[in-house]
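A short worksheet on the structure shown next.
The values are calculated or read from the model by the stated rules, or taken from the named source; none is laboratory data. Small disclaimer: the values here were computed from a predicted structure and weren't measured. So basically every Cβ, Gly included, is an ideal-geometry build from the backbone, and we count neighbours across all protein chains shown. Note: areas computed on protein heavy atoms with side chains; ligands, DNA, RNA excluded. Shrake-Rupley method; radii C 1.70, N 1.55, O 1.52, S 1.80 Å.
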Amino acid sequence: MESSVCPFCRLSVPSSELQWHANSHFEDEDKEANDMELGNQIQIASSSGSTDVVSISSLIGLQTRSNFYHVKDGLISLLRNCLELEARHNSSVTILSGYVDHFQSLPSVDVGWGCGWRNIQMLSSHLLAHRKEARKVLFGESGFVPDIAFLQRWLEIAWESGFDPPGAQHFNCKIYGTNHRIGTTECASLFRSFGLRARVVDFGPKESELLYLSVPGSTLGQPVKQRNAVRVSGPMDKYVHRQQGLNKGRHFCHSLHNGKSDNSKGKSEGPQVLIDWVWNYFSDKGLTISGSSQVVVSDRAPLYFQHDGHSRTIIGIQVKHQKNGTNQFNLLVLDPSDVSTTHGTVALERSLKTNVGWQKLIKRGVHTLKKPQYQLCYIDPGIASGEELNELKTINSIFFEL
């Protein structure tokens, strides 16, 4: 690959990235100044005993746009082209979310702990592009996705406003300037604080059901009873209790399949429940698996997808019809921490434009779902207010048995 030397730091970078890399030096200067000013205001307010550490108006004025590699033609558009070419050679149906920017973890910034924040940024990029009502409330109507430091401050404001008290207690109400890993509940808390209807869904063994809480008023999933549950918050490895030696449940949704899934027997039966839920979510129960090959763009937002130790963003789902009558499913995901390639988003863009190697970067089959427990966060349309907004301060979940 042809490389060039940055005139400012003398670092050798791919020629295609040189302009973006060079411009980032000036963006970093502005971000550093704003971060310093925010830090000063936090210190002053804290010393004075103020409960509202930094006013929202000040935060809106100080926040900076997150630095990321912008794909000119849009990743979803490029992916759709590849999927349509693929569909010419097989019988498949694919459903995609709309526009999403890929935010990758950076070696000198957040590798090892920032995946949750990066997935929040990906969801935010979609909401700002597709939902007018969200654009009017997110991040003070800034119209852009803030960097991690300011997302951390927005989460603190959510806690100060009473969202997810157990989660706030877990972090001692402070997360700004730290490298603490976050999970699904923090994602939901942040979006709910703006009035967005963020919901949490849990998938796990039957024996773990009492550890989860149902979500009143959820628009997805079958009704579940309200349960007394152990309140656990924070990152996934704190929120979900590890259960050793538990057997998989036997629940399986047959309503989706005209043919049998090749993942519906044995060990894959549990994960298929999650796959079925994702299909129902993106199709909104309005698209059948049978029929001619097609690629459809849904009006559903991407999904925050969490398991123990890592999180990713689900941007769609594909089903291929096999000659033996079975259906093969693939989740389509964007991974903020995928360092299997040297240059992250740039390599992903190149693979999609050349239609070479993108499958291994985006597709994840049912056989890859080997964790005992998973969490999803999805965002229903509309903006909550009044009593509904107050109810959203309690972060509960709807449970499905794997």
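Label points 7 Å out from Cα along the Cβ direction at K72 and T326: separation in nm?
That separation, rounded to one decimal, is 4.3 nm.
Leaving out ligands and nucleic acids, note down the accessible area per residue over the range 321-393 with a 1.4 angstrom probe, in whole Å².
Result: 46 Å² of accessible area for each residue.
Could you rank the peptides 102-109, 174-181, 91-98 by their average count of other C-beta atoms within 10 Å per residue, with the highest value first?
Ranking the peptides 102-109, 174-181, 91-98 by packing returns 91-98, 102-109, 174-181.
Relative contact order of the range 295-375: what whole-number percent is it, with Cα pairs under 8 angstrom and at least 6 residues apart?
29 percent
Can you give me the C-alpha center-to-center distance between the range 55-101 and the range 344-381, rounded to a whole angstrom?
The distance from the Cα centre of the range 55-101 to that of the range 344-381 comes to 12 Å.
How large is the accessible surface of E141 in square angstrom, using a 1.4 angstrom probe and rounding to the nearest 10?
Estimated to the nearest 10 Å², E141 gives 130 Å².
With θ taken as phi - 60° and the coefficients 6.51, -1.76 and 1.60, list the Karplus ³J(HN,Hα) couplings across the range 116-131 in order, rounded to whole Hz; mark glycine and proline as x.
x, 5, 5, 5, 4, 5, 5, 4, 4, 4, 5, 4, 5, 7, 10, 10
Separation between the I56 and H367 pseudo-spin-labels, each 7 Å from Cα along Cα→Cβ, expressed in nm?
5.0 nm
Provide, for the range 313-402, the number of lysine pairs with alpha carbons under 26 Å apart, each pair being eight or more places apart or on different chains.
11
Quote to one decimal, in nm, the extra length available between V297 and Q359 on full extension: 0.36 nm per residue of separation minus the C-alpha distance between them.
20.5 nm
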